[in-house]
């Protein structure tokens with residue numbers, strides 16, 4: 001199964017590019033996604049539900065917990 005973060009690519013290409021650069025770096029990718037998904041600065045506006053869901057799916061996929069994901073991501 002493929003994961004396609006279309007809204008992320010269209011609306012936030014800088015973040016999509018950062019993730020692409022970090023994709024093979026398991027630790028860097030995990031930390032970056034965690035930083036995007038967890039509000040540590042309080043008061044951040046956050047992502048739209050569509051972008052947030054795509055980031056969650058990317059995290060699940062990268063950790064092998066998404067249906068059809070390989071564990072070698």
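Residue count for the range 35-62 under the criterion of being over 16 Å from residue 5 (Cα atoms) and in contact (Cβ under 8 Å) with a residue 12 or more places away in the chain: the result is 0.
Would you mind stating whether residue 8 is modelled with pLDDT of 90 or more, touching a helix residue (DSSP H, G or I) at 6+ places or on another chain (Cβ under 6 Å) and not in a loop (DSSP other than H, G, I, E, B)? Considered against the rule, which asks whether it is modelled with pLDDT of 90 or more, touching a helix residue (DSSP H, G or I) at 6+ places or on another chain (Cβ under 6 Å) and not in a loop (DSSP other than H, G, I, E, B), residue 8 comes out as yes. The condition (being modelled with pLDDT of 95 or more and touching a helix residue (DSSP H, G or I) at 6+ places or on another chain (Cβ under 9 Å)) is satisfied by just one residue among 16, 73: 16.
Among the residues making up the range 1-19, those that are exposed (fewer than 11 other Cβ atoms within 10 Å of the Cβ) and under 19 Å from residue 63 (Cα atoms) are 1, 2, 4.
If the condition is being closer than 16 Å to residue 57 by Cβ and outside any helix (DSSP H, G or I), then the range 20-36 contributes only 23.
The values are calculated or read from the model by the stated rules, or taken from the named source; none is laboratory data. Note that this is a predicted model, so its numbers are computed, not measured. Because the Cβ atoms are built from the backbone with ideal geometry, glycine has one as well, and the counts that use them run over all protein chains shown.
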